[in-house]
Amino acid sequence: MTKIGVFDSGVGGLTLLEEALRQRPQADYLFYADVDHVPYGLRTHEEILQYTDESVRFLIDHGCKCIVVACNTATAVAVDTLRRRYALPIVGIEPAVKSALAHHALRRVLVVATPVTLREEKLHRLLSRCPDHDMVDLHPLPQLVAMAEREDYDALPYLRRELAPYPPERYSEVVLGCTHFNYFRDSFLRLFPQAEVIDGAEGTIRRMCSLLPAGEGGAAGRVAYFFSGRPVTSPDELARLARRLERLRQMRAL
């Protein structure tokens, strides 16, 4: 059975795991959250590259045949280096700007992400290749990562303050450029009721599936969880992960 590694700085990567379990349920998964170093969005370029490389090597050493970098910040900083370094499929996630611009009509697109993702050259190269890239506004939301990590989903006061400069009627698309932000999809929908709120999870996992052999038949595979290399076996921690996956399913259904 194919073993796939899903890596993130924290629990935001469960967004990609949840989507992978939906699209490719027969695979085995290793989910690696680098909780010792979260949030990556406030780390230096060199730190992010080091932590990402260490995590990916761990997953390869544990038999993964494909890696999903389920972190926009780590993708922006490290994915090109990882692909040069390792001879297996490595799939990164990027803000779904291209898709948003294809549907924006005459209104603007708002991209929210971590400070590092918005600062890195990878996003700006992506924007430069998109028609109408001048219709895109970028705004960092660094506090959302910490809120998601502690299961604090009361984000409306923070988002109202941060996003006050962006009148909701001006926007047709809001792009969630950090996987942690999916826990707060309900809040974004309340603030931008006329906009579509999108992320890159579905397209990323479609890309993952296209790089792998055809799906195996039979029963669903297994998921093993690791926090910065330590296996997660505590019933309390496993219950917290199950709660978070359920939260993401609820957010996807909105």
Cross-link reach from K98 to lysines, straight Cα distance under 17 Å and at least 8 residues apart if same chain, gives K122
Expressed as a whole-number percentage, the relative contact order of the chain with C-alpha contacts under 8 angstrom and at least six residues apart is 28
To the nearest 20 debye, the chain has a Cα-centred charge dipole, built from +1 on Lys and Arg Cβ and -1 on Asp and Glu Cβ, of 480
Assertion target for C71, C209, ordered by fewest C-beta neighbours within 10 angstrom first, is C209, C71
Within the set M135, M147, M208, GNM on the chain using Cα springs under 10 Å gives the largest fluctuation to M135
Ranking S228, M208, L191 by how far each Cα lies towards the positive end of the charge dipole of region 175-233 (+1 on Lys and Arg Cβ, -1 on Asp and Glu Cβ), the top one is S228
When D186, D8, D61 are arranged by how many other beta-carbons sit within 10 Å of their Cβ, fewest first, they go D61, D186, D8
With +1 on the Cβ of every Lys and Arg and -1 on the Cβ of every Asp and Glu, the dipole magnitude of region 78-165 about its Cα centre, in debye rounded to the nearest 20, is 360
If every Lys and Arg gets +1 and every Asp and Glu gets -1 at its Cβ, then about the Cα centre region 155-254 yields a dipole, in debye to the nearest 20, of 200
Across E202, E237, E149, the residue with the highest GNM fluctuation in the chain (Cα network, 10 Å cutoff) is E237
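Report, in deg cm²/dmol and to the nearest 500, the calculated mean residue ellipticity at 222 nm for the chain, where each DSSP H run with n ≥ 4 adds -39500 (n - 2.57) and the sum is divided by the residue count. Kindly include the intermediate steps, with their values, before the conclusion.
Numbers: 11 runs with 109 residues, N = 254.
Value at 222 nm, helices only, nearest 500: -12500 deg cm²/dmol.
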As straight-line cross-link partners of K3, the qualifying lysines (C-alpha separation under 22 Å, not fewer than 8 residues apart within one chain) are K65
Fewest-first ordering of F188, F226, F181 by Cβ atoms within 10 Å yields F226, F188, F181
Here the residues of region 176-192 lying in the modelled label zone of R249, meaning backbone nitrogen under 19 Å from a point 7 Å along Cα-to-Cβ, are 182-186
Most fluctuating of Y225, Y86, Y183 in the GNM of the chain (C-alpha, under 10 Å) is Y86
Two pseudo-spin positions, 7 Å from Cα along C-beta at R161 and at S128, lie apart in nanometres by 3.6
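Each reported figure results from applying straightforward, stated rules to the coordinates on display, with no laboratory input. As the structure is a prediction and not an experimental result, all values here were calculated from the model. Backbone-built Cβ (ideal geometry, glycine too); neighbour counts: all protein chains shown.
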